[in-house]
Amino acid sequence: MEALLQPVQDLLGVAWVPVWTVVKIFLIILPLLGCVAYLTLAERKVIGWMQVRNGPNRVTFFGIKALGGLAQPIADGLKLLFKEIVLPSASSKALFILAPVLALAPSLAAWAVIPFSDGLVLADINAGLLYIMAITSMGVYGVIIAGWASNSKYAFLGSLRSAAQIVAYEIAMGFALVTVLMVSQSLNLSDIVKGQGQGMFADMGLSVLSWNWIPLFPMFVLYFIAGVAETNRSPFDVVEGESEIVAGHMIEYSGMAFALFFLAEYANMILISALTSIMFLGGWLSPVGFLPDGIWWLAAKTTFCLFFFLWLRATFPRYRYDQIMRLGWKVFIPVTIVWLVFIGGWMMSPLSIWK
Amino acid sequence: MAEIRNYTMNFGPQHPAAHGVLRLVLELDGEVVQRADPHIGLLHRATEKLAETRTWIQSVPYMDRLDYVSMMCNEHAYCMAIEKLLGIEVPERAQYIRVMFDEVTRILNHLLWLGAHALDVGAMTVFLYAFREREDLMDAYEAVSGARMHAAYYRPGGVYRDLPDSMPRYEVNKFKNAEAVKRLNENRSGSLLDFLDDFTSRFPRYVDEYETLLTDNRIWKQRLVDIGIVTPERAMALGFTGPMLRGSGIAWDLRKKQPYEVYDRMDFDIPVGVNGDSYDRYLVRVEEMRQSNRIVRQCIDWLRKNPGPVISDNHKVAPPSREAMKGNMEELIHHFKLFTEGIHVPAGECYAAVEHPKGEFGIYAMSDGANKPYRLKIRAPGFAHLAAMDEMSRGHMISDVVAIIGTMDIVFGEIDR
């Protein structure tokens, strides 16, 4: 690989670094968008099976019946691409256009620090976790601006709900992450993963028991649930609760502008699942000693987490807005603080397993 | 100091939780409802006025379209009113068939209500499960009347025809192979009664399934308990009937209190709520489905053993058989008069009510002796329930308004008429 790239590097000279970075960005973004597209199909299929129906099974490639449904995301994408983007006459036009961009951009930007495998990361920065926290909190601006710029009462209510909800769950999420950084003593995501590969059980070839999910189990569960709330997924989907405020902030959007919100939501789902896998489920590490580590483990763990998103959606009714607030402020935040103190005490005690 | 105004929101008529065409003007303080003002009339089709220009029997199909999720119960009240005015007896077998289909209809209605209510509260899966069972009952409708929804099966004097000996079957097509069709047709090999018997033996298990998903679900309880409380006194004052009244703890059921047809021979219980909130009404309706299932089973047993006529032999009211009509001048005249001029109902007025799945559905009919009603008044249970919208939702949040609309089980066909 190095040998192949060397001539190109010599040719480009100083331009090499930016060009190579852009290439790497595309290498991350394009498969990611592909995953997003097929996650929509997976969602419809999985929920379909749970609801004793088939899900999409008509759109195929080249009329091959066995591939029924596989081309559905592409058909959906094309449809949305060709649809008119209606600009409400009473809206704030510039903000109206800006909002979907602001929603999607952070959910893609956050992938810069995700380590897919050992050394396979776009930006191996030391403040990785902080970067993630900062960038994912940006996503809410897209929602708030969309609600404001639409000049619609439903959209406005949706964005108000979203703002309150994200603030509440961001804190719980933050505390959950603080415990992770305490035990791994690093903000670098690669180091967090590597830290999980050490310990008594990892030495015995059972890395799965050394991962953070066991000592930090409450944080693991809590982080994932907060992630579901953060991405506005059922049962926390009051922001777009379709039977209450129809589609919330997206109500006035159509065509590709609407699709961008959708992409952002699904990209966020994948992001939260990937982060859960990295911080609690050992990222790219293999669960047992005799199998090699690699990116496929991260993919498998992320898929496992994503399935929970879909499963939750098919099972639960939706919370009411104030109940979400109550859960966030009165349950999650106290629990995280208690566990934070507990982990702190554990680390200081002679029984610490993180020395 | 800025002026603080309440937020007025137009909820519907184009809204997924409006159950049709409810327009609700909500005055909000933040998310808390200060006033809920239901606007109706968007589905007004003037059924009562139309009935004045149709012969008595021509209005039967209009009744299907009132509450279009419990079709046969509407017909039942209408036919009962005509029978009362005419003073005719309905054959016993027809009475059993009516009771059976009333209960099938109740299950149909409650299944739709359960699915829609759960969907409003955000649980999608129950909706599709409920529709799976509805499909079977729709097939029963189709077998008996030829129509899946708007049956027009009950007629003054009885029911249109006897229960069929065979069920419609699935056929092999591009999407269903022979094996799948065989599996689907398994319970359709016998008569309609066999099919319903099979359904009623499966149905309690399905209800358990819904209850697993909802009854003890914490989120479901958080969303329904203490939402839209109606005290027994207020429930009576507001004219509530059916599960809405029973959910508040008043054991009022026309099937028990003024039994019509053969309900007095049926063995069933009336579930009653305690707190009068949405959760109690949910429990009441789920239990009603189980009780309806019991009644259907009792009817199946009786109907199996007792063949007989299913419509009055008074040919001024019910048409003669095709065979008799072809060979008999008298019957031909009866047939001709009945289908051109219709039934002549003696002058008078009467009120006939049935325990409809949604409450007391009544028909007040006035006849001046002609072949058409002089005036027809429909008492729709949903109308009184919707009128309590403001009282029930005041002080709750927007999400609760949706839950309250769901718990009322409103259908605009009957409210707007």
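Over chain B, what percent of the accessible surface lies on carbon and sulfur atoms, probe 1.4 Å? Provide the component values of the computation, followed by the final result.
Details: 8750 of 16740 Å².
Reported share for carbon and sulfur atoms: 52 percent.
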With every protein chain left in place, what is the accessible area per residue of the range A:1-117 in square angstrom, probe 1.4 Å? 59
Using modelled backbone amide H atoms (1.01 Å from N, in-plane), which distant-in-sequence or interchain residues come within less than 5 Å of A:N212's amide H? A:G282
Go through the range B:114-141 and flag every residue whose accessible area shrinks by 10 Å² or more with all protein chains in place compared to the isolated chain (probe 1.4 Å). B:L119, B:D120, B:V121, B:G122, B:A123, B:M124, B:T125, B:L128, B:Y129, B:R132
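Shape of the range A:71-126 from its Cα gyration tensor (a ≥ b ≥ c, root eigenvalues): rounded if a/c is under 1.5, otherwise prolate when a/b > b/c, or oblate?
On the way: a/c = 6.55, a/b = 1.70, b/c = 3.85.
The shape class here is oblate.
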Calculate one ³J(HN,Hα) per residue across the range A:167-175 by plugging θ = phi - 60° into the Karplus curve 6.51 cos²θ - 1.76 cosθ + 1.60, and present them in order as whole Hz with x for glycine and proline. 4, 4, 7, 4, 5, 4, 4, x, 4
Within 10 Å of the Cβ of an average residue in A:316-329, the count of other chain Cβ atoms is 6
Under 16 Å between alpha carbons, and skipping anything fewer than 8 positions from B:K305 in its own chain: which aspartates and glutamates qualify? B:E92, B:D162, B:D165, B:D194, B:D197
Built amide H within the under 5 Å cut-off of B:F11, gap 5+: B:L24, B:V25, B:L26
In a GNM of chain B with a 10 Å cut-off on Cα contacts, which of B:L386, B:L137, B:L214 has the highest mean-square fluctuation? B:L214
Could you tell me which of B:L137, B:A324, A:S137 has its Cα farthest along the dipole of the protein assembly as shown towards the positive end, charges placed at Cβ (Lys, Arg +1; Asp, Glu -1), taken about the Cα centre? B:A324
Charges at C-beta only: +1 for Lys and Arg, -1 for Asp and Glu. How large is the resulting dipole of chain A about its Cα centre, in Debye rounded to 20? 880
Could you go through the range B:122-127 in sequence order and give the Karplus-derived ³J(HN,Hα) for each residue, using 6.51 cos²θ - 1.76 cosθ + 1.60 with θ = phi - 60°, rounded to whole Hz, and x for Gly and Pro? x, 8, 6, 5, 4, 4
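Grab the beta carbon distance between A:V167 and A:V86, set R0 = 41 Å, and tell me the FRET efficiency rounded to 0.05. Mind showing how you got there, number by number?
Numbers: r = 31 Å, r/R0 = 0.75.
After rounding, the FRET efficiency stands at 0.85.
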Once phi is turned into θ = phi - 60°, what whole-Hz ³J(HN,Hα) does the Karplus curve with 6.51, -1.76 and 1.60 give for every residue of the range B:195-209, x standing for Gly and Pro? 5, 5, 4, 4, 4, 5, 6, 8, 4, x, 5, 5, 4, 4, 4
Per the C-alpha gyration tensor (a ≥ b ≥ c, the square roots of its eigenvalues), the range A:258-355 is rounded if a/c is under 1.5, else prolate if a/b beats b/c, else oblate; here it's oblate
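Determine the gain in length on full extension of the stretch A:K24-A:R326; use 0.36 nm per residue of separation and subtract their C-alpha separation, reporting nm with one decimal. Provide the component values of the computation, followed by the final result.
Values: separation 302, 0.36 × 302 = 108.72 nm, distance 4.24 nm.
Gain in length upon complete extension: 104.5 nm.
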Cross-link candidates for A:K24: which aspartates and glutamates have Cα within less than 14 Å, leaving aside residues fewer than 8 places away along the same chain? A:D124
Return the single residue from B:G308, B:G342, B:G247 with maximal mean-square fluctuation; model: Gaussian network over chain B, springs between Cα atoms under 10 Å. B:G308
List the residues of the range B:376-408 that lose 50 Å² or more of accessible area once all protein chains are present, compared with their chain alone (1.4 Å probe, heavy atoms only, no ligands or nucleic acids). B:M397, B:S399
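Among the listed pairs B:K256/B:K358; B:K84/B:K337; A:K194/A:K301; B:K49/B:K84; B:K337/B:K372; A:K45/A:K194, which have their C-alpha atoms separated by more than 25 angstrom in this model? Kindly include the intermediate steps, with their values, before the conclusion.
On the way: B:K256/B:K358 16 Å; B:K84/B:K337 21 Å; A:K194/A:K301 16 Å; B:K49/B:K84 21 Å; B:K337/B:K372 14 Å; A:K45/A:K194 35 Å.
Pairs exceeding the cut-off: A:K45/A:K194.
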Centre separation in Å (Cα based) which lies between the range B:189-260 and the range B:36-79: 24
Partner aspartates and glutamates for B:K316 [C-alpha distance under 16 Å; skip if fewer than 8 residues away on the same chain]: B:E83, B:E89, B:E330, B:E331, B:E341
Residues whose modelled amide H sits under 5 Å from the amide H of B:R375, counting only those 5 or more places away in sequence or on another chain, are B:M366
In short, the range B:210-229 residues buried by 30 Å² or more of accessible area relative to the isolated chain (1.4 Å probe) are B:L213, B:N217, B:I219, B:Q222, B:R223
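So, counting K/R as plus one and D/E as minus one, what does the shell of residues with Cβ under 14 Å around A:L306 add up to?
Details: positive: A:R44, A:K45, A:R233, A:K301, A:R313; negative: A:E43, A:E265.
Local charge sum for A:L306: +3.
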Within the range B:148-179, name every residue whose backbone N is under 13 Å away from a label modeled 7 Å from Cα of B:E186 along the Cβ vector. B:179
Would you look at the GNM of chain B, springs on alpha carbons closer than 10 Å, and say which of B:K221, B:K257, B:K372 moves the most? B:K257
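Compute the relative contact order of chain B as a whole-number percentage, counting only Cα pairs closer than 8 Å that sit 6 or more residues apart in sequence. Spell out each step's value before the answer.
On the way: 790 pairs, mean separation 109.6, N = 417.
Computed value for chain B: 26 percent relative contact order.
The values are calculated or read from the model by the stated rules, or taken from the named source; none is laboratory data. Here the structure is a predicted model, which means the values were calculated and not measured. As a convention, Cβ positions derive from the backbone with ideal geometry for all residues, glycine included, and neighbour counts pool all protein chains shown. Ligands, DNA and RNA are stripped out before the accessible areas are found, and what is left, the full protein with its side chains, is counted by its heavy atoms. Shrake-Rupley method; radii C 1.70, N 1.55, O 1.52, S 1.80 Å.
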